[in-house]
Amino acid sequence: MKPPTKTPASESLAGLVGQSVDAIDTPALVVDLDAVDRNITRMAEFARKHGILWRPHAKMHKSVVLAQLQLRSGAVGVCVQKTAEAEIMADGGIRDIYISNEVVAGPKLARVAALALRLTQENGRLAIAVDSVEGITRLGQALNESRVQHPSSATIDVFVEIDVGQGRCGVAPGGAALALAQAIHKHPRLRFAGLQAYHGKAQHLRGAQERRDAIARVVEDALSTRKLMEAHGITVDLVTGAGTGTLVCEAASGVFGEVQAGSFMFMDADYAHNERDAAQPQFEHALFVKTQVISSGEEHAVCDAGHKSHAIDSGLPKVLSADAESHLEYFNGGDEHGVLRPAGAGHRIPAIGRMLWLIPGHCDPTVNLHDFMIGVRGGLRNGTVEQIIRVDARGALT
Ligand SMILES: Cc1ncc(COP(=O)(O)O)c(C=O)c1O
């Protein structure tokens, strides 16, 4: 029996390189490489201007080649959320990796310890977040056990995560965080590296002033926690956090030393709903689902991209308008279909066969639905396929 093949097959995708965008079959995840370059350049300039490090979140693109592109442009390393993502990035040659998340399972921690050793031996470094004494004990144990197997085993950088308003992981700022830093200090193989203070919900507050107000409180919490630690003789080398929605606030705070924004590189439709902060670089959409109209009637048309092609947790995709008379709205048509209606009077229903471009609502889970992204240069209308980008960490959930 023939082994199952992935769809679309990588070989046929490789044959696309050098061809016009018209040759891309649908539905397909397409990256506008010129827009990616511009977004990265803007981020690098922004970071330089503010004297802040940038460590983009690779959970967004899940691709080694895109991580390497970011590093060549000045990023200090990558963030990941999962041990498996960290392993895949390390396999791809990334040497400075931060797991900005809590890991507590024994088998996973054994992998974390092995990766810390490997990266140290390769002159790199692994960092991780913790938010409990239990987590610290388990991490320390895993490092100790790896030391038995490898006498010269490595240390790992450990950030204490404080909950600065998201209500997800993290201990309360202040005394609880201090107690964790003190517990880390007791472990010879753990190095206290600083504070993680990420406020995910604030990224998507629509008003620029709302986001500024939320991050002002984050900065206060991070600063008071840092001061408390310093008063107890503990140096806080770095405060890290921030996403695309608020990075201007953290960067200007004088408290944060590093921003972790990931989505800035692709800019999904959800982020386009945020009122732009005047200080924010003008990031542009760079991730699209190419789709084709397969049915067209009096009232609506139907395209071949449903929520197996793009994530809908942050809203339905936007349709990129081809011209002033063709504004379309996308409605949920299920797994494999999208229903398209004119956005107002005078707008045309697209004909069967017409190619359209969707801007996904949320880039991270959209990327995770695909094996490959098709990198295009020269624009979506007349461009050429330059590169097939593997989603290396697709499904890397452990
Ligand atoms: C801990 C952490 N840092 C940074 C980010 C990046 O945020 P964004 O992709 O919105 O820039 C995320 C996203 O969820 C996150 O969970």
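The values are calculated or read from the model by the stated rules, or taken from the named source; none is laboratory data. Since this is a predicted model, take the numbers as computed values, not measurements. Cβ atoms come from the backbone with ideal geometry, glycine included; neighbour counts cover every protein chain shown. Ligands, DNA and RNA are excluded from the accessible area calculation, which covers all protein heavy atoms including side chains. Shrake-Rupley method; radii C 1.70, N 1.55, O 1.52, S 1.80 Å.
What the table below lists for this structure:
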read-out	value
Number of the exception - A222 against (1) crowded, with 23+ Cβ neighbours inside 10 Å; (2) assigned to a strand (DSSP E or B)	(2)
Single residue of the stretch 152-187 satisfying the filter (modelled with pLDDT under 95 and in contact with a Ser or Thr (Cβ under 8 Å, 6 or more places away or on another chain)) that is most open to solvent (accessible area, probe 1.4 Å)	T155
Residue in the stretch 272-281 that is out of contact with any helix residue (DSSP H, G or I) (no Cβ under 7 Å at 6 or more places or on another chain), more than 26 Å from V31 (Cβ to Cβ) and either within 16 Å of the ligand (Cβ to nearest atom) or small (G, A, S) (or both) present	yes
Some residue of the stretch 274-285 being on the phi < 0 side of the Ramachandran plot, open to solvent by less than 10 Å² (accessible area, probe 1.4 Å) and in contact with a strand residue (DSSP E or B) (Cβ under 9 Å, 6 or more places away or on another chain)	no
Scan of the stretch 247-263 for residues that are open to solvent by 30 Å² or more (accessible area, probe 1.4 Å) and in a loop (DSSP other than H, G, I, E, B), ordered by number	S253, G254
Pick from the stretch 230-246, criterion open to solvent by 80 Å² or more (accessible area, probe 1.4 Å) and part of a loop (DSSP other than H, G, I, E, B), ranking: farthest from the ligand (Cβ to nearest atom)	H232
Among the residues listed as G243, G254, G233, the single one being under 19 Å from H57 (Cα atoms) and modelled with pLDDT of 95 or more	G243
Residue in the stretch 127-134 that is modelled with pLDDT of 95 or more, surrounded by fewer than 20 Cβ atoms within 10 Å (Cβ to Cβ) and under 25 Å from V76 (Cα atoms) present	no
Top-ranked residue of the stretch 59-83 - restricted to ones that are part of a helix (DSSP H, G or I) and in contact with a helix residue (DSSP H, G or I) (Cβ under 8 Å, 6 or more places away or on another chain), ranked as surrounded by the most Cβ atoms within 10 Å (Cβ to Cβ)	L66
G140 assigned to a loop (DSSP other than H, G, I, E, B) and either crowded, with 19+ Cβ neighbours inside 10 Å or at positive phi (or both)	no
